[in-house]
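Heads up: the structure comes next, in structure tokens.
What follows is calculated from the coordinates using simple rules that are stated; it is not laboratory data. This structure is a prediction, so every number in the text was calculated from the model and none was measured. Here the Cβ is made from the backbone with ideal geometry for all residues, glycine too, and neighbour counts use every protein chain on show.
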Amino acid sequence: MSKPILELRHVVTKVNRNTPEELTLLKDLNLTINEGDFITVLGSNGAGKSTLFNSIAGNLPIDSGDILLRGESIAHESEERRTRFLSRVFQDPKLGTAPRMTVAENLLLATKRGERRRLTPRHLNAHMAEFKKLTSGMGNGLDERLTTPTGNLSGGQRQALSFLMATLRKPDILLLDEHTAALDPKTSQQLMTTTNERITAENLTCLMITHHLDDALKYGNRLIVIGNGQITFDVSGAEKQALTQETLYSFFSDLQD
Amino acid sequence: MTFGLGVSAIGQGLLWATLGLGLFLTFRILDFPDMTVEGTFPMGAAACVAAINHGISPIWATLIAIGVGMLCGLATGLLYTKGKIPILLAGILVMTAAYSVNLRIMGRSNLTLLDKPTLLKLPFLEHLPMYFDSVMLGFVVITILTLVLIYFLQTELGQAFIATGDNEKMARSLGIKTDSMKIMGLMVSNGVIGLGGALVAQNDGYADVNMGIGVIVIALASIIIGEVAFGELTMNQRLVAVTLGSILYRFVLLIVLRLGFNTNDLKLFSSVVLALCMMLPVFRNVFNFKHIWKRGVSTDE
């Protein structure tokens, strides 16, 4: 039994507070994530998957409950401070990279994730060999384009770069928000394979939102389903291995009623 | 005569290039238009001239101008990031408030530097022929400023600053404090523009409360003319292009005056020149010169 790394206790998150449009998105949600967990997250649209990520990352303030990292509350830390231990990849390839900066410059920014940026030279050239090696592992020609502005890359290359940037400095928690959804099936599969390899090799703790049931079954050691702002299903280990698409699908569609 | 005017245009271009460099940081890097400059520029001028009139040395007076410029940038930055006021409005608020402050600083609507020391009367500039002093001063200031900016943009902090303007959401997800970056950018930018006000006032020999009207157009013109004239460039080259754009712009004004228009028409011309330069990509698409040319020579259509 490995140690819990992140705990969400009775988390309630609302939007449009104190207005007639007030909505409660997370309703007393409890979740304990253990070190090394690779959790696939399923749920219908509007169930609260993205809200869960935004609450963990600090984009959305939580209304009550607590979020603990290794036993210490981080519920009131700013989004910027939480980047010291947390990184994420967004669904939209445009969101993860700075378009006018080159691939290498983007990677260099990521090496300083969560750190203070000082008035010292950036030392780009000293990192080039390391970046070359890193990007060649992605197998999509990214290593040939280190000095290209990321705005000129394909969506697949940009997402691969976003993923590299998120894992360049090993995060305690990695959040993947449907990071392959905007890509064509082949590129999507390729990125999913490299994602899995890197998470396994580095023993990263990861939550991955996906709408592909087969991806959710194939990858990770644990699977959770979010419905109506709560965790409605949570399996891991052998129990998860035994899941089939049919049982999951029937369960998943029940939720939508 | 003509030669003298040419040298004068270069001198003016160099001194006014400070504005273009200052605005480049917000307009091109942070990617928003900062109207504060219309208040910062006369405030730099007013503070510098008032300080010199109070017996402060021109160098210190110029540094004071940079300081008040940075304060204007801080005000706009706080209104924008912490007050959540849209940047255009935040700039206009500070610019409007600056008008009253400038009248307070000078005590009246304009103040001369007649018989007072200025940077242009420093020992190494004093004996240069007419107009060459402003060329020399402008060259020294622009060289130092450009080198400092090039260094800054290559530091870790400078890269975080560029990333903030390029993709704010990504910057935050990498732990960059984007609000601080914007405030810092506005402060540095307006500090440089305050410096521009101080230099122009010392060159012209006076400060006037109305000298800020339309300066954002002049600053934008140096940036855009530089970009139109030199095309795709690296960041460092773009900084140099701003100064060259500023000098080119002065020559355009010189030609306009030579054509018989008077100085009252210059603001109209500045706006027209800037508008035309900014519409160039649209014209290229609408008229599609290449296409017309091809259609003209092809026979099988």
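Relative contact order of the stretch B:2-297: what whole-number percent is it, with Cα pairs under 8 angstrom and at least 6 residues apart? Display every interim value, and only then the final one.
Values: 471 pairs, mean separation 101.5, N = 296.
Rounded, it is 34 percent for the stretch B:2-297.
Quantify how strongly other chains surround peptide A:95-108 by giving the mean number of their Cβ atoms within 10 Å of each of its Cβ atoms.
Details: counts 5, 4, 4, 11, 3, 9, 7, 0, 0, 0, 4, 6, 0, 3.
Per-residue shielding by partner chains comes out at 4.
For the peptides B:246-253, B:149-156, what is the packing order when you average, over each peptide's residues, the other Cβ atoms within 10 Å and list the highest mean first?
B:246-253, B:149-156
Once amide H atoms are built 1.01 Å from N in the peptide plane, which residues 5 or more positions from A:Leu26, or in another chain, come under 5 Å H to H?
A:Thr13
Taking the DSSP beta bridges in the protein assembly as shown as the whole, what percent of them are antiparallel, to the nearest 5?
Values: 26 of 42 bridges.
In the protein assembly as shown, approximately 60 percent of DSSP beta bridges are antiparallel ones.
For a protection proxy built on the mean count of beta-carbon atoms within 10 angstrom, sort B:36-46, B:265-275, B:61-71 highest first, please. Write down the numbers at each step before the final one.
On the way: B:36-46: 32.4, B:265-275: 15.1, B:61-71: 23.0.
Taking the mean over residues of other Cβ atoms within 10 Å, the ranking is B:36-46, B:61-71, B:265-275.
Just the projected area, averaged over all directions, of the convex hull on the alpha carbon atoms of the protein assembly as shown: how many nm²?
Working: hull surface 139.5 nm².
Here the figure is 34.9 nm², rounded to one decimal.
Take peptide A:109-121, look around each residue's Cβ out to 10 angstrom, count Cβ atoms belonging to other protein chains, and average those counts. Before the final figure, lay out the partial values.
Numbers: counts 12, 4, 2, 6, 4, 3, 5, 5, 14, 4, 6, 3, 5.
Counting Cβ atoms of other protein chains within 10 Å of each residue's Cβ and averaging gives 6.
At 222 nm, what helix-only mean residue ellipticity would chain B give, in deg cm²/dmol to the nearest 500, using -39500 (n - 2.57) for each DSSP H run of four or more? Walk me through the numbers on the way to the answer.
On the way: 13 runs with 225 residues, N = 301.
Theoretical 222 nm ellipticity from helices: -25000 deg cm²/dmol.
State to the nearest 20 debye the size of the charge dipole of the stretch B:2-297 about its Cα centre, where the only charges are +1 on K and R beta carbons and -1 on D and E beta carbons.
Values: 19 positive and 15 negative charges, 135 e Å.
The calculation lands at about 640 debye.
Within the stretch B:5-20, what residues put their amide N at less than 18 Å from the label point 7 Å along the Cα-to-Cβ vector of B:Leu257?
Within reach of a label on B:Leu257: B:5-17.
For the stretch A:12-76, what is the charge dipole size about the Cα centre, in debye to the nearest 20, if Lys and Arg each add +1 at the Cβ and Asp and Glu each add -1 at the Cβ? Mind dumping the intermediate values first?
Numbers: 5 positive and 8 negative charges, 29 e Å.
In debye, rounded to 20, the stretch A:12-76 gives about 140.
Summing Lys, Arg as +1 and Asp, Glu as -1, what charge do residues with Cβ under 9 Å from the Cβ of A:Asp63 carry, A:Asp63 excluded? Write out the running numbers ahead of the final one.
On the way: positive: A:Lys14, A:Arg17; negative: none.
The answer is +2.
Pick out, from A:Pro185, A:Thr195, B:Ser109, the residue whose Cα sits farthest towards the positive end of the charge dipole of the protein assembly as shown, with +1 on the Cβ of Lys and Arg and -1 on the Cβ of Asp and Glu.
Of the listed residues, the answer is B:Ser109.
Quick check: the distance between the Cα centres of the stretch A:1-64 and the stretch A:166-240, to the nearest angstrom?
Computed from Cα coordinates, the inter-centre distance equals 16 Å.
Please report, for the Cα atoms of the stretch B:2-297, the Rg to one decimal and the Dmax as a whole number; what are they, in angstrom?
Both quantities, over Cα of the stretch B:2-297: 19.7, 72 Å.
Over the Cα atoms of chain A, what is the Rg over Rh ratio if Rh follows Kirkwood? Mind dumping the intermediate values first?
Working: Rg = 18.6 Å, Rh = 19.2 Å.
Radius of gyration relative to Kirkwood radius: 0.97.
Within 10 Å, Cβ to Cβ, of A:His211, how many net charges do the neighbouring residues add up to if Lys/Arg are +1 and Asp/Glu are -1?
Details: positive: A:Lys49; negative: A:Glu178, A:Asp215.
Taking every Cβ under 10 Å from that of A:His211, the sum is -1.
Lys pairs in the stretch B:2-297, Cα-Cα under 23 Å, at least 8 apart or on separate chains: how many?
Values: B:Lys82/B:Lys169; B:Lys82/B:Lys177; B:Lys82/B:Lys182; B:Lys84/B:Lys169; B:Lys84/B:Lys177; B:Lys84/B:Lys182; B:Lys169/B:Lys177; B:Lys169/B:Lys182.
Counting lysine pairs in the stretch B:2-297 gives 8.
If each DSSP helix of 4+ residues adds -39,500 (n - 2.57) and the sum is divided by the residues in chain A, what number results at 222 nm, nearest 500 deg cm²/dmol? Write down the numbers at each step before the final one.
Values: 9 runs with 89 residues, N = 257.
Mean residue ellipticity, 222 nm, calculated: -10000 deg cm²/dmol.
For the stretch B:192-203, what does the Karplus curve 6.51 cos²θ - 1.76 cosθ + 1.60, with θ = phi - 60°, yield as ³J(HN,Hα) per residue in whole Hz, taken in order and with x for Gly and Pro?
These are the phi-based 3J(HN,Hα) values: 5, 6, x, 4, x, x, 5, 5, 5, 4, 5, 5 Hz.
Taking only Cα atoms, what is the 0 to 90° angle, nearest 10, from helix A:155-168's long axis to the longest principal axis of chain A?
Value to nearest ten degrees: 80.
What's the average, rounded to a whole number, of partner chain beta-carbon atoms within 10 Å of each residue's beta-carbon in A:84-92? Don't skip to the end; give the middle numbers.
Values: counts 1, 0, 2, 3, 1, 1, 3, 0, 1.
That average works out to 1.
In whole Hz and in residue order, list the ³J(HN,Hα) couplings for the stretch A:111-127 that follow from phi through the Karplus curve 6.51 cos²θ - 1.76 cosθ + 1.60, θ = phi - 60°; x for Gly and Pro.
So the Karplus estimates, Gly and Pro as x, are 5, 9, 3, x, 9, 5, 9, 10, 7, 10, x, 7, 6, 5, 5, 5, 9 Hz.
Compare the peptides B:2-13, A:16-27, A:95-106 by average per-residue count of other Cβ atoms within 10 angstrom and give them in order, highest first. Display every interim value, and only then the final one.
Numbers: B:2-13: 17.0, A:16-27: 12.1, A:95-106: 22.3.
Averaged packing, sorted descending, gives the order A:95-106, B:2-13, A:16-27.
With the dipole of the stretch B:1-158 worked out from charges on the C-beta (+1 for Lys and Arg, -1 for Asp and Glu) around the Cα centre, which of B:Phe132, B:Thr18, B:Ile52 lies farthest toward the positive end?
With unit charges placed on the Cβ atoms, the residue in question is B:Ile52.
Output wanted: per-residue J couplings in Hz (rounded whole) for the stretch B:21-26, from phi through Karplus 6.51 cos²θ - 1.76 cosθ + 1.60, θ = phi - 60°, x for Gly and Pro.
5, x, 5, 4, 4, 8
Put +1 on the Cβ of every Lys and Arg and -1 on every Asp and Glu Cβ in chain A; which of A:Gln241, A:Thr205, A:Leu108 then has its Cα farthest towards the positive end of the dipole?
Checked the options; the winner is A:Leu108.
So, R0 is 25 Å and r is the distance between the beta-carbons of B:Phe269 and B:Ile59; what FRET efficiency does that work out to, to 0.05? Please list the in-between numbers first.
Values: r = 35 Å, r/R0 = 1.40.
In this case the efficiency is close to 0.10.
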